[in-house]
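Structure first, then comments.
Derivation of every value follows stated rules applied to the coordinates shown; laboratory data play no part. Every value quoted in this text rests on a predicted model; they were computed, and no experiment measured them. Note that we place each Cβ from the backbone using ideal geometry, even for glycine, and neighbour counts take in every protein chain shown.
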Amino acid sequence: MRSETDVVVIGAGQAGLSAAYHLRRTGFGNGSGFVVLDHGKRPGGAWQYRWPSLRLGKVHGIHDLPGMSFAATDLDRPASEVVSEYFGRYERTFDLPVRRPVEVLDVHDEGERLLVRSVTDEWAARAVINATGTWGRPFWPHYPGQETFRGRQLHTADFQSAEEFRGRHVVVVGGGASGVQLLLEIADVASGTTWVTRRPPEFFSHEFTPEYGREVVAKVDERVREGLPPASVVSVTGLALTPEVKRGIDRGILDRKPMFERITPDGVVWADGSEQRADVILWATGFRAALDHLAPLHLRAPGGGIRMDGTRVVAEPRLHLVGYGPSASTVGASRAGRAAVTEIRQLLGQ
């Protein structure tokens, strides 16, 4: 079935819902309007897939969606449940036209319109806001011997509970916030843990002020303006030295080792020949932007990224990426949704 619409929003996470709110608020709900396509079975964006032991009190921050306060107080509940409920309530309150589950296959240039295709339907849009985030593209690096490992390998996207690793030795690979958080959980039940990162971790204890936040965003924004793949926020800021992290350092859990050289059937080996036996390797190696469906538009710059001007794709002005690069945070995603709608209104002469 083919439909025509002014704007298609792909993704109903923080960035997509923010964009949908501003589309509704500025009159796109009338006439040909807009539609939000989400591949999830229920509201919640990537939050619905977070591991159950991630309690709301351990989340570093959830920013309000525009027009409705998050205002959650039960810090002992799983963040996946609380945030999903909030997103669902938000969709209902503002009557946002979210269709799910819809898996977008690709986006094509049809001349006057961009064609967004799923398995069963297609939408011809005057503009597209892409808010697909990163959860659907976990990054697995490759090391020699990886396929020979007799233990279990998993990515943080597949993590459910530390109890799965009780009595086992776990190698956690990755220096991001999720890797640290899971390492601290696993250490309480595992027979032993080893923390491995490519670069020595940097911890910060200073206040994350709005001024500092703008500096961080500016550094990430500089890369995407040059057409380079966006850097992670943690790579710019470092890791927050929270009381929990301090205890982990004092207990010797956060004792970082450099990257190993290869993987054996029974563990990992460093360049100097030292070896660590392991039952599990947990790859906390982050995610990449889920943009494969945009491949037919040929947007990649020579540097490997997509050249951006704010949220607008330079090579395709009808396409905006929100929750990408400098807006890949709960605060930035909400602001990006508004910015994208403002530019689309100008593009379409509204």
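Estimate the FRET efficiency between H39 and A72 by the formula 1/(1 + (r/R0)^6), using the beta-carbon distance for r and 30 Å for R0, to the nearest 0.05.
0.75
What does the charge add up to near I344, with Lys and Arg as +1, Asp and Glu as -1, over the other residues with Cβ less than 12 Å from its Cβ?
Net charge in that neighbourhood comes out at +3.
Have a look at the range 137-188 and give its Rg and Dmax from the Cα atoms, expressed in angstrom.
Final numbers for Rg and Dmax: 11.5, 30 Å.
Going by average Cβ neighbours within 10 Å, how do the peptides 146-158, 12-24 rank, with the highest at the top?
12-24, 146-158
Could you tell me what percent of the DSSP beta bridges with both partners in the chain are antiparallel, to the nearest 5?
Of the beta bridges lying entirely in the chain, close to 40 percent run antiparallel.
By how many nm would the segment from D95 to E4 grow when fully extended, if each residue of separation counts as 0.36 nm and the alpha-carbon distance is taken off?
30.8 nm
Dividing the convex hull volume of the Cα atoms of the range 1-160 by its residue count, what figure in Å³ per residue is obtained?
Taking only Cα atoms, the range 1-160 has a hull volume of 142 Å³ per residue.
By average Cβ neighbour count within 10 Å, what is the ranking of 38-44, 293-299 from highest down?
Listed from highest to lowest mean packing, they are 38-44, 293-299.
Using only helices, what value at 222 nm comes out for the chain when you add -39,500 (n - 2.57) per DSSP H run of length 4 or more and divide by the total residues, to the nearest 500 deg cm²/dmol?
Taking each H run of at least 4 residues, the total per residue is -7500 deg cm²/dmol.
What number comes out for the charge environment of E110, summing +1 per Lys or Arg and -1 per Asp or Glu over other residues with Cβ under 14 Å away?
Result for the local shell: -1.
Sorting check: for 284-290, 318-324, 195-201, which peptide has the highest mean count of neighbouring beta carbons within 10 Å, and how do the rest follow?
Ranked from most to least packed, the peptides come out as 318-324, 284-290, 195-201.
Tell me the Rg and the Dmax, in Å, that the Cα atoms of the range 39-105 produce.
Calculated on Cα positions, Rg and Dmax stand at 12.5, 39 Å.
Two decimals, Cα atoms only, Kirkwood Rh: what is Rg/Rh over the range 219-350?
1.12
Roughly what % of DSSP beta bridges within the range 1-156 run antiparallel, to the nearest 5?
45 percent
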